[in-house]
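Read-outs throughout are calculated quantities, based only on the coordinates presented, and are distinct from any laboratory measurement. Keep in mind that this is a model prediction, so the values were computed, not measured. Quick reminder, even Gly has a Cβ in these numbers, built from the backbone with ideal geometry, and neighbours come from all protein chains shown.
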Amino acid sequence: MKVTVLSGGVGGARFTRGLLSLLGERAHVTVVANTGDDLWLHGVRVCPDLDTLMYTLGGAVHEEQGWGRRDETRRTSDDLAAYGLGWEWFTLGDLDLATHLARTELLRTGLPLSQVTARLAERWAPRVTLLPMTDDEVETHVVTADGQEIHFEEWWVRHRATLPAARFVQTNLATAAPAPGVLAALTEADVVVVPPSNPVVSVGTILAIPGVRDALRTSSAPVVGVSPVIGGAPVRGMADACLTAIGVETSAVAVARHYGRRPDGVLDAWLVDERDADAADALRSEGWIAGAAPTLMTDVPTTARIAADALALVGALP
Ligand code: FO1
């Protein structure tokens, strides 16, 4: 059985960890990861969502943060600050730097990001096929209400998403191509899962890559999503700031409608938290496959059950 997951960082990584725990050897999981958060910093290429996926699936993530390495130190970052270089509000830990140095070294040999990622992921997640959404440098920038354009990470980390965002733009999008294997991962899967990642800047960015949305809309695989919003609030992060910026209400039903139901949209089914059972009722009355169950990913076994509930919704539970 082949399962494909579209993933951002923390939420998608935790969901995928639970999915792997559920499926074991019964399925092969391919993760198509957002790379719109990527940036050049201190001359190295940082890929936050790929790194969170690798560290989480490899058991090395700083669990409370959801990003970066466990047992991390920041001696190099602190000393870089002494030169007045870089972003003192964006910490590149010493162990994390090894990943960025390895990635940058491999990129400089001419390898595309997808091959570099496959090489790095051998260390952390050998059971998963980890694909960047594209090999091209597509970055999410935020155009703020007062007209500045800043990198998403500056908006997200420095400003904690408090600067009103007029819109999100992805650089180089028009000329970007899905990375090798991405479209096949969508069209040849037995099931595609949209986990509770940020629907705007994570999943939305993946869907914006030319060809991806159409591959999903026309795939023979059922597509099931898990709501990132519980009881009118995002589970973590500041997805509400992103949803507000694009005029979408922060609710389980609004996010489903934002993704849309196939063939116009990209989903067939939507799993909401039991607290939003009314949202499932509303969607079912519109023809959706919708279910309500506990969806707070508190630990791996709980997340495995959430993944089981999502797959069961489209009859894809092995
Ligand atoms: N998030 C923070 O809130 N503060 C940081 O200093 C920070 C540094 C950082 C370094 C590398 C990396 O891969 C991720 C990092 N993040 C940090 C998390 C990052 O903002 C998120 O992983 C995603 O980009 C947003 O979902």
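What list do you get for Ser227, Ser77 if you sort them by fewest beta carbons within 10 Å?
Arranged by neighbour count, lowest to highest, Ser227, Ser77 become Ser77, Ser227.
As a test, work out the antiparallel percent of DSSP beta bridges whose residues both lie in region 1-73, rounded to the nearest 5.
40 percent
Which whole-number percentage describes the relative contact order of the chain, with Cα contacts under 8 Å and a sequence gap of 6 or more? Could you put the intermediate results ahead of the total?
Details: 653 pairs, mean separation 60.9, N = 318.
In percent, rounded to a whole number, it is 19.
Where both partners of a DSSP beta bridge lie in region 168-318, what percent of those bridges are antiparallel, to the nearest 5?
Taking every DSSP beta bridge with both residues in region 168-318, the antiparallel ones total about 15 percent.
Among 270-276, 4-10, how do they line up by average Cβ neighbours within 10 Å per residue, starting with the highest? Can you show the working numbers first?
Working: 270-276: 23.1, 4-10: 27.4.
Descending mean neighbour count gives 4-10, 270-276.
Compute the signed sum of charges (Lys and Arg +1, Asp and Glu -1) over the other residues within less than 13 Å, Cβ to Cβ, of Gly265. Numbers along the way, then the final one.
Numbers: positive: Arg213, Arg217, Arg257, Arg261, Arg262; negative: Asp214, Asp264, Asp268, Glu286.
Taking every other residue near Gly265 into account, the sum is +1.
Taking 1 over the mean of 1/r across every pair of different Cα atoms in region 38-196, what Kirkwood radius in Å do you get?
Evaluated over region 38-196, this radius sits at 17.2 Å.
May I ask you to order 170-182, 196-208, 229-241 by the average number of other C-beta atoms within 10 Å around their residues, highest value first?
196-208, 229-241, 170-182
Given only helices, namely DSSP H runs of n ≥ 4 each adding -39500 (n - 2.57), what is the per-residue ellipticity at 222 nm of the chain, to the nearest 500 deg cm²/dmol?
Helix-only estimate at 222 nm: -10500 deg cm²/dmol.
Averaging sequence separations of C-alpha pairs under 8 Å and six or more residues apart, then dividing by the length of region 71-216, give the relative contact order as a whole percent. Before the final figure, lay out each step's value.
Numbers: 164 pairs, mean separation 26.6, N = 146.
The normalised contact order for region 71-216 reaches 18 percent.
What does the convex hull of the alpha-carbon atoms of the chain project to on average, in nm²? Intermediate results must be reported in sequence, preceding the final value.
Working: hull surface 60.8 nm².
Its Cα hull, projected and averaged over all orientations, spans 15.2 nm².
Calculated FRET efficiency, Glu274 and Asp78, Cβ-Cβ r, R0 45 Å, to nearest 0.05? Write down the numbers at each step before the final one.
Values: r = 45 Å, r/R0 = 1.00.
Once rounded, the FRET efficiency stands at 0.50.
Can you tell me which of 152-162, 33-43 comes out highest on packing, and rank the rest after it, using the mean Cβ neighbours within 10 Å? It would help to have the intermediate numbers written out before the result.
Values: 152-162: 18.2, 33-43: 22.5.
The packing order, highest mean first, is 33-43, 152-162.
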